[in-house]
Amino acid sequence: QLQLVESGGGLVQPGGSLRLSCAASGFTLDDYTIGWFRQAAGKEREGVSCISISGGRTNYADSVKGRFTISRDSGKKTVYLQMNSLQPEDTAIYYCAATYARYGFSCTGDYWGQGTQVTVSS
């Protein structure tokens, strides 16, 4: 069964940091971009960041630029989202999604993880 598994969420104080991980099971990520999305309570899901197959191209939502960093490990099997200077408005369920991108960059999501809760509160 193909799946993505997120980990690393939790409760942090404003200004704190978390690192989320996304790992694939049942398939490799060699031909896939990996995007991070989040959905806050009562709001629609929004894109946070995405990284290309090679790791050389990254995109960020304006709201997280300068605070979040997306990366892939050398084997292209795990993707991370380093989140610094977290604020209450970052509170949401965070999902990773793999998108087949062999013929062009895309981050719309073909496979999705179950999500991990990030709560930023004092």
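Assorted remarks:
- Checklist (1) under 22 Å from Leu2 (Cα atoms); (2) of a type in the set (Asp, Glu); (3) in contact (Cβ under 8 Å) with a residue 24 or more places away in the chain; (4) open to solvent by less than 70 Å² (accessible area, probe 1.4 Å) applied to Asp73, failing item: (3)
- Across the stretch 54-68, the qualifying residues are those that are open to solvent by less than 70 Å² (accessible area, probe 1.4 Å) and polar (S, T, N, Q), and the one among them that is nearest to Ser17 (Cα to Cα) is Ser63.
- Some residue of the stretch 44-56 being under 22 Å from Gly10 (Cα atoms) and over 12 Å from the mean Cα position of the chain (by Cα): yes
- Residue selected from the stretch 1-37 under the condition of a type in the set (S, T, N, Q) and either in contact with a Leu (Cβ under 9 Å, 6 or more places away or on another chain) or open to solvent by 30 Å² or more (accessible area, probe 1.4 Å) (or both), by the criterion farthest from Gly55 (Cα to Cα): Gln13
- Scanning the stretch 83-106 for residues that are at pLDDT 95 or above, part of a loop (DSSP other than H, G, I, E, B) and open to solvent by 10 Å² or more (accessible area, probe 1.4 Å) yields Asn84, Ser85, Gln87, Thr91.
- Contacts under 9 angstrom Cβ, first residue in the stretch 110-122 being open to solvent by 80 Å² or more (accessible area, probe 1.4 Å), partner assigned to a loop (DSSP other than H, G, I, E, B), 6 or more apart: Gln117/Gly9; Gln117/Thr91; Ser122/Gln13; Ser122/Pro14
- Residue count for the stretch 28-43, restricted to those that are in contact (Cβ under 8 Å) with a residue 60 or more places away in the chain and part of a loop (DSSP other than H, G, I, E, B): 2.
- Yes/no for Ser63 being assigned to a loop (DSSP other than H, G, I, E, B), small (Gly, Ala, Ser) and at pLDDT below 95: no
- Odd one out for Ser25, checked against (1) touching a residue at least 60 places away in the same chain (Cβ under 8 Å); (2) more than 19 Å from Val118 (Cα to Cα): (1)
- Filter pass, Glu46 being acidic (Asp, Glu), touching a residue at least 12 places away in the same chain (Cβ under 8 Å), within 19 Å of Ile93 (Cα to Cα) and open to solvent by 40 Å² or more (accessible area, probe 1.4 Å): yes
The values are calculated or read from the model by the stated rules, or taken from the named source; none is laboratory data. A quick note: this is a predicted structure, and the numbers were derived from the prediction, not measured. Because the Cβ atoms are built from the backbone with ideal geometry, glycine has one as well, and the counts that use them run over all protein chains shown. Surface accessibility is based on the protein's heavy atoms, side chains included, excluding ligands, DNA and RNA. Shrake-Rupley method; radii C 1.70, N 1.55, O 1.52, S 1.80 Å.
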